Amino acid sequence: MQYLIVFSLFALMHTCVWFSSNTQFIENINKSQALAICVLLSIPTSLLGYFAARHTFETFGSVWSIKLVGFGVGYVIFPILTWVLLKESPFTLKTSLCISLAFVIIGIQLFLPDN
């Protein structure tokens, strides 16, 4: 259950980060709307990051886990949202390899002991 909480918090946080920084590139969104979305999402994004870090540390017992799990989840969320909303394909060799590595990083954090 703790793993689900950790991954959900990071997924929500990275979704907010994606919209904060990339809404400006979506068609039919003007610059002032994109900036307003960025400002409105700033506090929820920070709170999600805070609680994701807390739960990750409690679950894995390491600050490194916060960084690596957060990176891995972010690298899964970013390509999905970019593909769906900006129509940029994640199916290039470079992007596919990086997404695969993100899953490897998450798997290492989940299944290998810290010792």
Residue 25 vs. criteria touching a helix residue (DSSP H, G or I) at 6+ places or on another chain (Cβ under 9 Å), surrounded by 13 or more Cβ atoms within 10 Å (Cβ to Cβ) and in contact (Cβ under 8 Å) with a residue 24 or more places away in the chain: no
In this structure, is residue 53 within 30 Å of residue 2 (Cβ to Cβ) and either loosely packed, with under 13 Cβ neighbours inside 10 Å or not charged (D, E, K, R) (or both)? yes
Out of 6, 17, 63, sole residue that is in contact with a helix residue (DSSP H, G or I) (Cβ under 7 Å, 6 or more places away or on another chain) and in contact (Cβ under 8 Å) with a residue 60 or more places away in the chain: 6
Could you pull out the residue among 59, 82, 23 that is under 19 Å from residue 4 (Cα atoms) and at pLDDT 90 or above? 59
Among the candidates 102, 34, residue that is surrounded by 17 or more Cβ atoms within 10 Å (Cβ to Cβ), of a type in the set (A, V, I, L, M) and touching a residue at least 12 places away in the same chain (Cβ under 8 Å): 102
Which one of these does residue 65 not meet: (1) at pLDDT 95 or above; (2) under 16 Å from the mean Cα position of the chain (by Cα); (3) more than 19 Å from residue 15 (Cβ to Cβ)? (1)
Please specify each residue of the range 26-50 satisfying the condition of being within 29 Å of residue 3 (Cα to Cα) and hydroxyl-bearing (Ser, Thr, Tyr). 42, 45, 46, 50
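The values are calculated or read from the model by the stated rules, or taken from the named source; none is laboratory data. Given the structure is predicted, the values throughout are model-derived calculations rather than measurements. As a convention, Cβ positions derive from the backbone with ideal geometry for all residues, glycine included, and neighbour counts pool all protein chains shown.
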